[in-house]
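The values are calculated or read from the model by the stated rules, or taken from the named source; none is laboratory data. Everything quoted here is computed from the prediction, not taken from an experiment. Positions of Cβ are generated from backbone atoms using ideal geometry, with glycine treated the same way; all protein chains shown enter the neighbour counts. What goes into the accessible areas is simple: the full protein's heavy atoms, side chains included, and nothing from ligands, DNA or RNA. Shrake-Rupley method; radii C 1.70, N 1.55, O 1.52, S 1.80 Å.
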Amino acid sequence: RFCENPLYSGVFCADFDGTDPLEKFKVQDQVGGGTLTVSSALDGGAAALSPPNAMHAEVSFGDGGESIAFVSHLIQSTDEYVSLSFGARFGPLIEVLPLIIAIGASQVVLLLGPAGFTTRQLDPTDGGVLTDVGVLHSPTPNWVHLRFDIRAKGAEPSITFFVDGVKRVDRTPIVGEQAGLGTLGFSLGALATTPATIAYANVLFDVKPLP
């Protein structure tokens, strides 16, 4: 199992391979026909990133609105540095699909569309698009490794985003949290008004003070 690696003993790790594979996620939302399942079955007979299982977030036509399927992990922390990484595999897309990467009160959302990724910085004034990453996704058995390094607080909040180890976004400043807001965390899933499926595996989340 991926999470049995001693390197990950001090961080939040979810590989979806235990007897209760979603137990670490206290918040699970399935609305408007959205479903969360854990299995080894992937479209096209693809293998799991770390066998046997992956989590599948599947959305369909919502009941007059959006279809939602996601899990969340939140903690109370005054630390400033957040790192989130995971493997993802995308099915065919009809429209732009938010992957819901939320970091505290200052949210960074990863949008996936037919042409590739875009990151968006959200705040009370809707800060707008950070950058068009321009990485084509592919509805094939290929997994993509995504990693966010975010300085969530402090004088110069920033975000760095990697796709398969290649830096695609390096942005300072972003709209940071205000002092005293201590909730940090993330959500992974899918939200759409048309059918789509995303598989997730090997989630690592670490929060620590800046050196």
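In the assembled protein chains, Lys167 presents an accessible area of approximately 110 Å² (probe radius 1.4 Å).
When nucleic acids and ligands are ignored and a 1.4 Å probe is applied, Asp206 ends up with an accessible area of around 40 Å². Between Ile75 and Asn142, the simple label model (points 7 Å from Cα in the Cβ direction) yields a spacing of 3.3 nm.
Rolling a 1.4 Å probe over the protein chains gives Asp149 an accessible area of about 20 Å². For the residues Thr194, Thr37, a 1.4 Å probe over the protein chains yields an accessible-area ranking, largest first, of Thr37, Thr194.
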